[in-house]
Every structure is written in C-alpha cells, then in structure tokens.
C-alpha cells in the first residue's frame, strides 16, 4: 500500500486531488472492462488464450495481433489498477 499525505491550508486542494485519484481509478476500471470484453469476444469466436498456438494459420493474422495486444494491455491495466487501489489519500 502507498500512503499519500497532503499538507495544505486549503482543504479543497486535498479534496480535488482525492477526486482526481478516484476519477483515474474509474477510468482504469472502465478501460479494463472494455478490454476484457474484446478478449471475451475473440475467445468466443476462436477459443481461449491458452490455445493461441493452435490458431496460427487458421485465424487472420491481424486478429491474432490485436488479441495479443489486448492481452498485453489488460496486463498493464491490471498492474496500474493494483497500484492505484493501494493508494490512500489522508488529509491532515
């Protein structure tokens, strides 16, 4: 967990920073949901990600590249989400 302490004489500044953090979390979660939906659609059409090696030559190369990109994007998003969800803003 990461601890963020904001010292300011203006409570509105700390509240704004907290709101920005919540907004970033919202956007990351929404983006992750969208990416997961794309992956799910691909897997419904072609099979699970564990079978990717079996799909070469049977599936359009651009679809495979997009699918692999979505899997990588999801991994990065989940890492960012984990980091952001561990941040607690304390207003003193």
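The values are calculated or read from the model by the stated rules, or taken from the named source; none is laboratory data. Treat the numbers as computed from the prediction; the structure is a model and nothing was measured. Please note: Cβ atoms are built from the backbone with ideal geometry, for glycine as well, and neighbour counts cover all protein chains shown.
Go through 68, 24, 15 for me and flag whichever is within 20 Å of the chain's Cα centre (by Cα), surrounded by 12 or more Cβ atoms within 10 Å (Cβ to Cβ) and modelled with pLDDT under 90.
Only one candidate qualifies: 68.
All but one of (1) surrounded by 10 or more Cβ atoms within 10 Å (Cβ to Cβ); (2) closer than 21 Å to residue 82 by Cβ; (3) at pLDDT below 85 hold for residue 3; state the number of the condition that does not hold.
The one condition residue 3 does not meet is (1).
If you take the residues of segment 6-21 that are touching a strand residue (DSSP E or B) at 6+ places or on another chain (Cβ under 9 Å) and without any contact (Cβ under 8 Å) to a residue 40 or more places away in the chain, which of them is farthest from residue 81 (Cα to Cα)?
In this case the residue turns out to be 8.
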